[in-house]
Every structure is written in structure tokens, then in C-alpha cells.
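What follows is one structure encoded as C-alpha cells, with my remarks underneath.
The values are calculated or read from the model by the stated rules, or taken from the named source; none is laboratory data. In this text, all values refer to a predicted model and were calculated from it rather than measured experimentally. Neighbour counts run over all protein chains shown; Cβ positions are idealised from the backbone, glycine included. With ligands, DNA and RNA removed, areas are computed over all heavy atoms of the protein, side chains included. Shrake-Rupley method; radii C 1.70, N 1.55, O 1.52, S 1.80 Å.
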Amino acid sequence: MHLALEYDTSCPMALSDRSELKGAIGELFQAQRAAHRIAEEIAGAPADLLLEVLAEAASEASKRDSEEERVLELQAIAQILGQIEGPRAVDALIDILGSEDPGARQAAGVILEETAFERFKEVALGVERALAKLPPDHLALSELPYLLMEIPEPGVSKLLQRFLEHTNAEVVAAAIEATVEMGDSASAPKLAKLEKDTRVVELDDEEQEGHDHPTSVTIGDLAKEARLMLEAMGSEDSP
């Protein structure tokens with residue numbers, strides 16, 4: 001008779017000696033190999049069926065009460081989506097990028113960035129669909145500019161300029177910051193058009209040195225500062 005052993009996973013077991021640690025590391029390696037094998041088997045399923053099942057799994061994962069469980073499941077889903085080509089996989093990753101859980105957003109962002117390095121057009125088209133179809137307050141729209149600025153593709157500048165035209169001020173602020181980080185002087189005219197924009201956003205402490213609390217600033221002020229910085233960069237690069 002086979003007895004199923006139940007373990008209390010609510011509190012991790014403390015490992016106190018060398019043999020216990022070696023045994024636990026060996027179990028971890030086995031679990032990782034098993035997870036990798038299962039993920040490969042899943043990724044080999046018919047794409048349409050797999051995407052449908054993954055969409056259901058992502059929906060269920062996002063409803064978990066435990067943040068740890070939500071993140072764990074969404075990270076696993078993102079890893080599998082990264083092995084699937086096509087627009088539906090990119091759209092699903094962008095949706096996870098809009099998760100309220102930072103760990104899930106990070107996982108989706110890493111996979112999307114890797115995909116963009118290999119198949120930029122596929123991700124670029126997904127970004128355009130997101131701009132056209134996602135609700136203005138979808139968190140992914142504020143994350144995508146930071147992801148795009150890491151991609152060394154000529155088309156990134158035009159995509160970021162689309163974000164500068166967005167109706168959500170937080171999205172615009174993210175695009176302004178990404179534009180400066182890229183040193184994209186071609187976006188200076190777009191920034192100039194925003195300099196009278198009175199919409200207000202809050203900058204976190206790490207974005208605004210010298211302040212202990214989030215600081216309110218208008219999109220216009222951000223845009224002007226960004227334009228001046230880009231112009232200064234351009235003058236430094238000029239012979």
C-alpha cells in the first residue's frame with residue numbers, strides 16, 4: 001500500500017547540518033529538472049489549445065489569495081509563453097506585465113525583453129495592440145516604455161513617441177523617462193508639445209532625490225526638463 005506523505009509548507013524547515021543541506025540541494029536539483037521537463041512537454045502541445053489553457057490558468061492564478069502563489073503560477077505561465085511564437089503569446093505576456101504583483105511583472109518583462117531581442121517585430125506589433133486595446137489604466141502600459149528602452153532597435157523611438165501621446169499621465173511620464181534614458185533626441189519635438197500639459201503625476205523617492213515623500217509634478221515640467229537634457233546631450237555629442 002502506498003502512503004501519500006503530507007508536508008507542512010507553511011514554515012520552511014531549518015537545515016542545520018551539512019548532510020541535510022546536501023540532501024535538500026539534491027532534491028532542489030531534481031525538482032528543477034522535473035519542472036524543466038514538464039515545461040518542455042507543455043510547450044510541445046498544440047499552440048492554440050495551449051494558449052487557451054494558459055489563458056484560463058493565468059485568470060485563475062490572478063485570483064489566488066496568496067501573493068506567493070499568484071506570483072509562482074504567473075511566473076511559470078510566463079516562462080511557457082516565452083516558448084510560443086505568435087501574437088497571442090505576446091498579448092498574454094503583456095497582460096501578465098499588468099499584474100499587480102511586482103514578481104509577476106518582472107517575470108513577464110524579462111521574457112518579453114528576451115523575445116524582443118529575437119523577434120522585435122512580433123513584440124512591437126503586440127505593443128501597438130496594447131496601446132490600441134488595453135484600458136488606459138492598465139499597468140502594462142506604464143511598464144512597456146521601460147522595457148522598450150532596453151531594446152537596440154530603430155523602431156523603439158517611434159513606439160515610445162506613441163506612449164507620449166497617451167491619455168494616461170502615468171504612461172506619459174514613464175515614456176518621458178524612457179526617452180531620456182535612451183538619449184533619444186528625435187523625440188524632443190514631441191516633448192516640446194507636452195510642455196504646457198498640466199496633468200499631475202507623483203514621482204517616487206528614488207526618482208526624485210532629496211525628497212522623503214512622493215513629489216507631485218506636472219507632465220509639462222517633466223517634458224521640459226527631459227527636452228533640455230536631450231538637447232544638452234546633443235550639444236555634448238556635437239563636434
Listed residues Ala57, Ala108, Ala35, Ala14; which is at pLDDT below 95 and either in a helix (DSSP H, G or I) or within 28 Å of Gly155 (Cα to Cα) (or both)? Ala35
In the range 200-230, anything surrounded by 11 or more Cβ atoms within 10 Å (Cβ to Cβ), at pLDDT 60 or above and of a type in the set (Asp, Glu) is listed as Glu202, Asp221, Glu225
Pick from Ala116, Ala132, Ala174: which is open to solvent by 10 Å² or more (accessible area, probe 1.4 Å) and either part of a helix (DSSP H, G or I) or not β-branched (Val, Ile, Thr) (or both)? Ala132
Tell me whether the range 182-199 contains one or more residues that are modelled with pLDDT under 95, closer than 23 Å to Ala124 by Cβ, open to solvent by 50 Å² or more (accessible area, probe 1.4 Å) and under 24 Å from the mean Cα position of the chain (by Cα). yes
Sole exception among (1) farther than 24 Å from Arg129 by Cβ; (2) modelled with pLDDT under 95; (3) exposed (fewer than 13 other Cβ atoms within 10 Å of the Cβ) for Met233, by number: (3)
Tally up the residues in the range 165-194 that are of a type in the set (A, V, I, L, M) and over 20 Å from Ala130 (Cα atoms), please. 7
Scan the range 149-165 and give yes if some residue there is buried (at least 19 other Cβ atoms within 10 Å of the Cβ) and among the acidic types (Asp, Glu), otherwise no. no
Condition met for Glu100 (modelled with pLDDT of 95 or more, open to solvent by 10 Å² or more (accessible area, probe 1.4 Å) and either of a type in the set (D, E, K, R) or closer than 21 Å to Val172 by Cβ (or both)): no
